[in-house]
Every structure is written in C-alpha cells, then in structure tokens.
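Take a look at the structure set out below.
The values are calculated or read from the model by the stated rules, or taken from the named source; none is laboratory data. Because the structure is a prediction, the values reported are computed rather than measured. Because the Cβ atoms are built from the backbone with ideal geometry, glycine has one as well, and the counts that use them run over all protein chains shown. These area figures cover heavy atoms from the full protein model, side chains too; ligands, DNA and RNA do not enter into them. Shrake-Rupley method; radii C 1.70, N 1.55, O 1.52, S 1.80 Å.
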Amino acid sequence: MTIAISQTDRLGTNPFVVEGPIVPGSGVPGPNFSLGTVAGGDRESEWVYCQLVLASQTTLQPGQWFQWTRDYVASLLTTAAAVVGQRCGVFSGAAQPPTLTGGPAGSITLAPGTYYVWLQRNGQAPALVATATAALVTAETTTTAGQASAPASATATTKAIANVNFAANQTFTATTVNGSNLLTSLSGLNAGSGPFIGAAVSGTGISGGTTIAGITYSPSGVVQSITLSANATANGTGITITATGVLEATLMRPFLSKVN
C-alpha cells in the first residue's frame, strides 16, 4: 500500500479522505477538485478523483475494485456491469490516524448519497482477489462487487483486467493467545505490502473464516499488532499465518480489455 506524500498543484489533496455526502443547497462545498484530477505518491502511485453515487448503505474497504466512465463517475466492478474499455482501479482505504486500530487506511461505511473518492490506478495497492494461483498472470472480474480474480487461466464470460499483477498469498509469523483476538510479536511483515484489513487468515489456533478486523501501527509505520475477527483457540509462538483474499497488487493504469 502506498501513502500520497507528493501533492498536485491543488493544495490539500488526500487520497484517503472520502468527501460527502454532498447535498445540493446544504452549503457543504463539493466536489473539492475537478473530476479526473490526479494525485501522486511514493512507489509510482497515482490516484484519480471520481464521483461515487450510492443508492444504499455501502461499506468500502481497502482493495475493492471500481471502474469509472470518461466523466469519472465510478461504480463497484462486477462482471455483469463491467464495460470493456473503461479504466479501473482500487479503493485504497479511508484515512485513519496511524496509531489507531485500522492503521493509516481502513474501511468506511457510507449512507446513501453522492460522494467523491480517490481511486488508485498506479503503484502498489491492496486488492480484493477471489482466487490467486501460482501463475498470477491473469486478472479478471467476478460476480462479487469489488472483487477481482487471478486464476491460472481466463474464465469464460468474465471481463479481462489488463495491466495488473498480484503478489502471492502472504505468510508471516505471530504469537497467539487462547481467547484473545490479537496477533503480536509479528515477523516477516512489510507494512507497505500487507497484510490488509479484510484478508482471511489461517494457521494453528485460528478458527476457519477468521479475517483481519484491524491493524495497529507505530507512528513510524511498523505493524505492531493485528486484530482478528475471532479469538484464537490456542497459545502459540512463531505460528505461521497465511493471509489470503486481499493481496498486494501492482497497478499499471489497468483497464477492462475484453470479454474472455
């Protein structure tokens, strides 16, 4: 995941702030930037400023895939709604203070309304991935909103996503305590490469279906602990943990290239 430290000539750009809901006549200004404005950051990262209209309450989490029109109106990406030729990218997460659970970028739940968001199109980013094989060379849409897939070969009737590749499932070691939902004494992690909120985790003493609910960072960006959605069922030191479902992606201005 990348943090925007380089700014555009428009002061105040922050790709991790969701603006809205914007209600006409409310006196709340919006949008604050021209649609299609680009913000840059480290590791070649780029974000595009888009409009997002939500008809119902929606939770956005780091790694969700979006597509956007030539007018920069964004929508969650699905196979059924995907339009060949449109550009796509991911929601990097909503801003959080670095010492709070959730780290510098976490999930956010939004009421129906009109919002303005920054969607990442270049650089390293979290990405929701249903399937990730050893090949990691094929990227495509799925029927689940905001989720992509990286199978060994293309799936018929899906839409191909060009110019993106995914890292493999991530492994690291941690200490577990029976009855606690915290993973501590972490080793083998790089904060910029994950793990990410929403990822499924497995390992000795971790119940099936457990996911990462929060991540606590030090002010310098080092991962201090990981909060799980369920308590561990055993004590363990140096336990190997595998994180799947939300992987690091390298984005190279991806777009929907064809129907498979």
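Once amide H atoms are built 1.01 Å from N in the peptide plane, which residues 5 or more positions from Val53, or in another chain, come under 5 Å H to H?
Ala74, Tyr115
Using only the heavy atoms of the protein chains and a 1.4 Å probe, how would Ser45, Ser193 rank by accessible area, largest first?
So the residues, ranked largest to smallest area, are Ser193, Ser45.
If you average the sequence gap of Cα pairs under 8 Å that are 6 or more apart and divide by the length of the chain, what percent do you get for the contact order?
Once divided by the residue count of the chain, the mean separation gives 21 percent.
Could you provide, to the nearest whole Å², the per residue accessible area of segment 107-224 with probe 1.4 Å?
38 Å²
Would you grab the residues whose amide H sits under 5 Å from the one on Ala105? Only those 5+ places off in sequence or on another chain, please, with H modelled 1.01 Å from N.
It is Gln96, by chain and number.
Whole angstrom only: what separates the Cα centroid of segment 40-66 from the Cα centroid of segment 194-230?
A separation of 22 Å, based on Cα centres.
Would you mind counting up the charge near Pro254? Only other residues with Cβ under 14 Å from its Cβ, with Lys and Arg at +1 and Asp and Glu at -1.
Counting the neighbours of Pro254, the net charge comes to +2.
I'd like the Karplus ³J(HN,Hα) series for segment 75-84: coefficients 6.51, -1.76, 1.60, θ = phi - 60°, whole numbers in Hz, and an x wherever there's a Gly or Pro.
8, 4, 7, 9, 4, 5, 9, 5, 10, 4
For the pair Ser187/Ala130, report the inter-label distance in nm, with labels modelled 7 Å from Cα in the Cβ direction.
It is 3.7 nm.
Can you list residues whose amide H is under 5 Å from Val17's amide H, if they're 5+ apart or on another chain and H is modeled 1.01 Å from N?
Placed amide hydrogens put Ala95 under 5 Å from Val17.
May I ask you to compute the full-extension gain from Val38 to Asn178, defined as 0.36 nm times their residue separation minus their alpha-carbon distance, rounded to one decimal in nm?
45.7 nm
State in Å² the accessible area per residue of segment 9-92; use a 1.4 Å probe, count heavy atoms of protein chains only, and round to the nearest integer.
Normalised by residue count, the accessible surface of segment 9-92 is 47 Å².
Can you compute 3J(HN,Hα) from phi for each residue in segment 205-222, using the Karplus curve 6.51 cos²θ - 1.76 cosθ + 1.60 with θ = phi - 60°, rounded to whole Hz and x for Gly and Pro?
x, 10, 5, x, x, 6, 10, 7, 9, x, 9, 9, 10, 7, x, 8, x, 7
Relative contact order, percent, of segment 125-216 when contacts are C-alpha pairs under 8 Å separated by at least 6 residues?
With pairs under 8 Å counted, the relative contact order is 20 percent.
Would you work out what percent of the accessible area of the chain, with all protein chains in place, is carbon or sulfur (probe 1.4 Å)?
Result for the chain: 53 percent of the exposed heavy-atom area is carbon or sulfur.
Compute the FRET efficiency between Gln224 and Asn163 as 1/(1 + (r/R0)^6), taking r as their Cβ-Cβ distance and R0 = 22 Å, and round to the nearest 0.05.
0.05
What fraction, in whole percent, of alpha-carbon pairs in the chain exceed 29 Å separation?
Here the tail beyond 29 Å accounts for 30 percent of pairs.
In debye to the nearest 20, how big a dipole does the chain give about its Cα centre with +1 on each Lys and Arg Cβ and -1 on each Asp and Glu Cβ?
With only Lys, Arg, Asp and Glu charged at Cβ, the dipole is about 300 debye.
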